[in-house]
1. Just V60, V35, V25 to compare: in a GNM of the chain, with alpha carbon springs under 10 Å, which one fluctuates most?
2. Percent of accessible area on the chain owned by carbon and sulfur, 1.4 Å probe?
3. Hey, for a label at V65 modelled as a point 7 Å past Cα toward Cβ, could you say which residues of region 8-26 have their backbone N under 14 Å away?
4. Report, in degrees rounded to the nearest 10, the 0 to 90 angle that the Cα long axis of helix 11-21 makes with the longest principal axis of the chain.
5. Given a Förster radius of 35 Å and the C-beta distance between D12 and T43 as r, what FRET efficiency does 1/(1 + (r/R0)^6) yield to the nearest 0.05?
6. Please give the length that would be gained between L56 and S82 if that part of the chain were fully extended, namely 0.36 nm times their separation in residues minus their C-alpha to C-alpha distance (nm, one decimal).
7. Can you check what the Kirkwood hydrodynamic radius comes to for the chain, Cα pairs only, in Å to one decimal?
8. Once both axes come from the Cα atoms, what is the angle between helix 87-97 and the longest principal axis of the chain, in degrees from 0 to 90, rounded to 10?
Amino acid sequence: GGAAGMGGPDPDGAARLRSALAPFVGTHSFHNYTVLSKVEGKTERSRRDKLRRHMLSVDVAEETVAGPDGTAWRALTICGQSFLYHQVRRMVGAAVRA
């Protein structure tokens, strides 16, 4: 429910996105969320070890903001110790599709 596309409160949409992003919090190998060809290492395991990252928290705004074309935009805050190339974009894309 909510005001998708209009801007304004959309707690159901925020809750769904928050739930889809929750599994990313913690320490994980994010090898599926980057370009593996850019990672150096002699073995697959050594490359995956280099792709371990710690996500501290994810926050999703309850309110949406109407974009210039009328689409709904939502602010996300993702805190982590470091990020991989394309990691955040791919994490959010996977969560939106969930």
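1. Taking springs between Cα atoms under 10 Å, the residue moving most is V35.
2. Details: 3480 of 6290 Å².
Heavy-atom surface of the chain belonging to carbon and sulfur, 1.4 Å probe: 55 percent.
3. 8-9
4. Compared with the principal axis, the helix lies near 0 degrees.
5. Details: r = 45 Å, r/R0 = 1.27.
With R0 = 35 Å, the Cβ-Cβ based efficiency is 0.20.
6. Details: separation 26, 0.36 × 26 = 9.36 nm, distance 1.02 nm.
Between L56 and S82, full extension yields 8.3 nm more.
7. Details: mean 1/r = 0.0679 Å⁻¹.
One over the average 1/r among Cα pairs gives 14.7 Å for the chain.
8. Value to nearest ten degrees: 50.
The values are calculated or read from the model by the stated rules, or taken from the named source; none is laboratory data. If you're wondering where the values come from, they're calculated on a predicted model, not measured in any experiment. Here Cβ is always computed from backbone atoms with ideal geometry, including for glycine, and neighbour counts include all displayed protein chains. Each accessible area value is taken on the protein alone, full model and side chains, heavy atoms only, with ligands, DNA and RNA left out. Shrake-Rupley method; radii C 1.70, N 1.55, O 1.52, S 1.80 Å.
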